[in-house]
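Reviewing the structure listed below.
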Amino acid sequence: MKPERSFSDTLFKILLWGGAIFFLAIVMISFFFLFKGSLLSLKKFGIHFITGTIWDPATDKFGMLPFLIGTLVTSVLSLLISIPFSLSLGIFSGVFYTNGKISEIINTLSDLIAGIPSVIFGFWGLLFIVPLIQKMEIKFGLIPYGTGILTASILLSIMIIPYSSSMIREVVRLVPVELIEAGYSTGATRYEVIKKIVIPYARSGIIAGIMLAFGRAFGETMAVTMVIGNSNQIPTSIFSPGNTMASVIANEFTEATKDIHLSALIQIGLWLFIFTFIFNLIGQLIIEKTSAWK
Amino acid sequence: MKKISLILTLLLIFTGYNLNAGELTGAGATFPYPFYSKVFYEFYRQTGIRVNYQAIGSGGGIRQLRAKTVDFGASDAFLSNEELKKFESPVVHIPTCAGAVVLTYNLPGNPQIKLTPEVIAGIFLGKITKWNDTRIKKINPDVNLPPMKIVVVHRSDGSGTTFIFSDYLTKISKEWAKKVGRGKSLNWPTGIGAKGNPGVAGLIRQIPGSIGYVELIYAIQNHMPAALIQNKHGNFIKPSIKSVTMASNVPLPDDMRVSLTNTDAPDGYPISGFTWLLVYRDLSTNIKTKEKAQSLVKLLWFTIHEGQKYATPLHYAPLSPSAKLKAEKLIRSLTFKGVKILK
């Protein structure tokens, strides 16, 4: 028996190592190809690629600042909109109704939302959120675009809620029952227990969930493209149309015939890659710092 | 047994592509895709030669032809001299049909409006911002134009439609030429962008007071209002298959790399353009056997002759007589290892 087990053990080990190295290799290779593809525009524009405010494929001027701003504003705004909902949803099904019909229905529904293809969200946004924003804009005397930064942020926030809420749900469930009961035994109300015990204890996990949602919002393409208005100008208000890095790539990649245009688009991809990496790193740092009781 | 069948299936999946030696492959423009799939299907029925066309966009088609991974490419915009230099051997543009760009809008009751080149440029430059602007009123005296803000809707994705429209604007407006120029993707001075014809049409339907451009086919199929546009001769022309074909009935250059916008034809619609199939002049550049090269030439010949009758039912404009003659000449000029294929 023994030699066989050690054989399967080795095989298992090899498989694990192989999988890990293979995955690492894929990440490295994709970074390498993004870098290689963007060399042309890296050389031509240098730092102006990030600080430049004009994106004009007709005259070969490429600066991605409007898209960087658009991406940051929509993802941060959508995160702000989504946090109250995902936090309450997570605590609702993680602390209040841990089992039973209600939590089952809510959990299934929120998982379902996570699985809906983003193009369907885009359509829904066009048909539902856009007219609402339009009515608002008409009331305020603005041009009734309907599409724009705010519309995209609202749509994004709905899309990312399940990501953070399911993570929050799992981490608040991990709070030891003894702690919660100890809290009650001191006469604390439910609200106090959640505020003083559950949230602090699960803080790092909650932040991890929020970071996960942020990453999702940052890279979301299809749904955003459909409702953001796709303007290359820097947005001046939350009602103005804008554009994000991912949606510019999606919009222009198929018909980019000039090498420099293609290279500039690939460079946007490179920056998306780098920023996502940096955000993940920051997220991990925050998680390490905020882990309350180790 | 299971393993063997699995391996066999995988082998089939990976090699199945090459089993059919008589197959031609092409890639490129999405705009003529419905026309090409009909023509290529009829070609297959008559000759038994299968054509695999992938509508991945003109840019992708051009790149694949350059990489020699396809037998022919397809594009809605002709290649510039600079782009042509990147090919290792000369490339020929064969026009197959023409399309047009119409200006569609959302106004109360959707009246028929007329537009002049100056007004179109003014609207898309963001200079004319209200529907009851005197410049619009002057050419539409019978229409009750509301005091609404004009919302410009344009394509957000790179497209041949945008190229044709901006090519037109570049020709008719010096300011446009200087500030924006022509291209498949532009730095638009005003308005919002939407993806594809359906995206633009969808936003126009939703936003009162909006105006945008879509392909003629799309406007016809969806019964959208289309503005009459004043051409070079001063005539207001309704966009239709006939007026688009008319637009190309003008003296054309031999290489057919020509823009039809702002046409000289008195009855021609001014915002139209050809779509092309791209092949190497010497087909041995990317095709190995003479038989295959002959199949490709047969396909090109079929597309500009018998294939033309499938254009109108699908709302594409067939080639004008003068365009067809030039296309024939180009097909006759194709060679395989230096020898002409058609006599």
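The values are calculated or read from the model by the stated rules, or taken from the named source; none is laboratory data. These numbers were taken from a predicted model, which means no experiment stands behind them. With ideal geometry, Cβ positions are generated from the backbone for all residues, glycine too; neighbour counts draw on all protein chains shown. Side chains are part of the model used for accessible areas, which takes the heavy atoms of the whole protein and leaves out ligands, DNA and RNA. Shrake-Rupley method; radii C 1.70, N 1.55, O 1.52, S 1.80 Å.
Magnitude of the charge dipole for chain A, about its Cα centre and with charges confined to Cβ atoms of Lys, Arg (+1) and Asp, Glu (-1), is about 440 debye. The angle between the Cα long axis of helix B:160-172 and the longest principal axis of the Cα atoms of chain B comes to about 50 degrees, rounded to the nearest 10. Taking a straight Cα-Cα cut-off under 14 Å and skipping sequence neighbours fewer than 8 places away in the same chain, the aspartates and glutamates within cross-link reach of residue B:343 are B:328. Interface A-B: total buried accessible area of about 2600 Å², 1.4 Å probe, protein heavy atoms only.
If each DSSP helix of 4+ residues adds -39,500 (n - 2.57) and the sum is divided by the residues in chain A, what number results at 222 nm, nearest 500 deg cm²/dmol? One gets -23500 deg cm²/dmol as the mean residue ellipticity at 222 nm.
Between residue A:96 and residue A:188, the distance separating the two model label sites (each 7 Å from Cα on the Cα→Cβ line) works out to 1.8 nm. The dipole here belongs to the protein assembly as shown: it is taken about the Cα centre, uses +1 on the Cβ of Lys and Arg and -1 on the Cβ of Asp and Glu, and is about 860 debye. Counting Cβ atoms of other protein chains within 10 Å of each residue's Cβ and taking the mean over peptide B:75-87 gives 1. When a 1.4 Å probe is rolled over the protein heavy atoms, the share of accessible surface on segment A:107-242 that falls to carbon and sulfur comes to 70 percent. In the protein assembly as shown, a dipole from Cβ-located charges (positive for Lys and Arg, negative for Asp and Glu) runs towards its positive end, and of A:164, B:201, B:217 it is B:217 whose Cα lies farthest in that direction. Cα convex hull, chain B: 156 Å³ per residue, rounded to a whole number. Annotation: residue A:170 carries an accessible surface of approximately 90 Å², with a 1.4 Å probe and no ligand, DNA or RNA atoms counted. Computed over all pairs of different Cα atoms, the Kirkwood value for the hydrodynamic radius of segment B:24-91 is 12.4 Å.
Assuming a ≥ b ≥ c are the square roots of the Cα gyration tensor eigenvalues, decide whether segment B:290-343 counts as rounded (a/c under 1.5), prolate (otherwise, with a/b larger than b/c) or oblate. Taking the square roots of the gyration eigenvalues as a ≥ b ≥ c, segment B:290-343 is oblate. Expressed to the nearest 5 percent, the antiparallel share of DSSP beta bridges inside chain B is 60 percent. Sequence-distant contacts, meaning Cα pairs under 8 Å at least 6 residues apart, place the relative contact order of segment B:268-343 at 37 percent.
Each Lys and Arg adds +1 at its Cβ and each Asp and Glu adds -1 at its Cβ; summed about the Cα centre, segment B:100-272 shows a dipole of about 500 debye.
When the square roots of the Cα gyration tensor eigenvalues are ordered a ≥ b ≥ c, the ratio a/c for segment B:100-272 is under 1.5, which makes its shape rounded. The Cβ shell under 13 Å around residue A:156 holds other residues with a net charge of 0, Lys and Arg each +1, Asp and Glu each -1. Rounded to 0.05, the FRET efficiency of the residue B:236 and residue B:205 pair, given R0 = 30 Å and the Cβ-Cβ distance, is 0.75.
Our summary gives segment A:45-292 a relative contact order of 27 percent, counting only alpha carbon pairs under 8 angstrom and 6 or more residues apart.
At what distance in angstrom do the alpha carbon centres of segment A:133-170 and segment B:266-316 lie from each other? Taking the Cα centre of each part, segment A:133-170 and segment B:266-316 sit 46 Å apart.
Ordered from largest to smallest accessible area (heavy atoms of protein chains, 1.4 Å probe), the residues B:306, B:328, B:118 come out as B:118, B:306, B:328. Compared with the dominant Cα axis of chain B, that is its longest principal axis, helix B:33-47 is turned about 30°. For chain B, adding -39500 (n - 2.57) for each run of n ≥ 4 DSSP H residues and dividing by the number of residues yields -11000 deg cm²/dmol at 222 nm. As I understand it, the value is the acute angle between the Cα axis of helix A:149-173 and the longest principal axis of the Cα atoms of chain A; what does it come to in degrees, rounded to 10? With rounding to tens, the tilt is 20 degrees. Heavy atoms of the protein chains alone define the surface here; on that basis the protein assembly as shown has 47 Å² accessible area per residue at 1.4 Å probe size. Spin-label model, residue A:120/residue A:72: points 7 Å from Cα along the beta carbon direction are separated by 3.5 nm. With the simple spin-label model, which puts each label point 7 Å out from Cα in the Cβ direction, the residue A:48 to residue B:38 separation comes to 4.9 nm. PRE reach from residue B:137 (point 7 Å along Cα→Cβ): which of segment B:209-247 fall under 19 Å by backbone N? So the set is B:209. Summing charges over neighbours of residue B:67, with a neighbour being any other residue whose Cβ is under 13 Å away from its Cβ, gives +2 when K and R count +1 and D and E count -1.
When the Cα convex hull of segment A:45-292 is projected onto planes of every orientation, the mean area is 15.8 nm². In segment B:187-343, a dipole from Cβ-located charges (positive for Lys and Arg, negative for Asp and Glu) runs towards its positive end, and of B:279, B:293, B:268 it is B:293 whose Cα lies farthest in that direction.
Checking the a/c ratio against 1.5 first, then a/b against b/c, what shape does the Cα gyration tensor give for the protein assembly as shown? It comes out oblate by the Cα gyration axes. Within segment B:189-203, the residues that become at least 30 Å² less accessible when every protein chain is included than when their own chain is isolated (1.4 Å probe; DNA, RNA and ligands ignored) are B:191, B:192, B:193, B:195, B:203.
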